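K.L.:
Sharing a structure with you now.
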Amino acid sequence: MQPFNSGTIVKSRLYRLLAGIVACTVIVYIAVRFVELVSLKRMLAERKEMIEELLLKMPDEDLLLEKIERLRHANDTQRGMFYRHEEMDANMFGILIQDLLIDKEIDIERFRTVGKSGTDCLEFSVSGLGSSFVEFVHTVSTNDKYLRIPYLKITADDEEGIIKAVFRITYETGD
């Protein structure tokens, strides 16, 4: 039998305590890593679900290309509704509007250019049948090119359907 030694008992208990602390530390470390792993797996599953939802919501590439082509066509069509600078000037536009008014049998009493350079409007004072003027406005409104009438004043004093109008008209450029 070995003699009773208090130093050996203390060392033994100290080693056991140290072994217990190391074991607890390892267990805590393993538990933390396990929780991180579970959290990571959950996050990956959520992201996979989000990707699947996005893939379901994403339009087909052919549909996108078709839509892009339709938008380009619409853009080209709208661009074609503007005059190019070299295509129209105030004098040519004045002749165009005068011809249109004459075609609708509307008498031109006076016309002039108003506004600053680059934003010129033509101002017309006209008279004629109200129905003819309505046809003129309809023709201008449905023209292949963008035309604007920013000012319009109509006086209808005559019982015979004759009106007097003062209006300003301009064309739009796309350049």
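Just so you know, all these numbers are worked out from the coordinates, no wet-lab data involved. Here the structure is a predicted model, which is why all the values come from computation and not from measurement. Note: ideal-geometry Cβ built from the backbone for every residue, glycine included; neighbour counts use all protein chains shown.
K.L.:
Here's a check for you: in the stretch 165-175, which residue that is hydroxyl-bearing (Ser, Thr, Tyr) and under 16 Å from residue 79 (Cα atoms) is farthest from the chain's Cα centre (by Cα)?
P.N.:
Of the stretch 165-175, the ones hydroxyl-bearing (Ser, Thr, Tyr) are 170-171, 173.
After this cut, where a residue has to be under 16 Å from residue 79 (Cα atoms) as well, the list is 171, 173.
Details: 171: 25, 173: 22 Å.
Residue satisfying both the conditions and the ranking: 171.
K.L.:
Pairs under 8 Å by beta carbon, first residue within 30 Å of residue 77 (Cβ to Cβ) and in contact (Cβ under 8 Å) with a residue 12 or more places away in the chain in the stretch 137-164, partner surrounded by 12 or more Cβ atoms within 10 Å (Cβ to Cβ) and basic (Lys, Arg), six or more apart or different chains?
P.N.:
139/104; 149/168; 150/168; 151/168; 152/168
K.L.:
For the stretch 1-120, list the helices (runs of 4 or more DSSP H) that sit wholly inside it and hold at least 1 residues that are touching a strand residue (DSSP E or B) at 6+ places or on another chain (Cβ under 9 Å); which are they?
P.N.:
Values: elements: 6-57, 61-79, 90-103.
So the answer is 90-103.
K.L.:
With the requirement that a residue be β-branched (Val, Ile, Thr) and without any contact (Cβ under 8 Å) to a residue 24 or more places away in the chain, what does the stretch 44-100 give you? Walk me through how you get there before you give the answer.
P.N.:
In the first step, residues of the stretch 44-100 are kept if they are β-branched (Val, Ile, Thr); the result is 51, 68, 77, 95, 97.
51, 68, 77, 95, listed by residue number.
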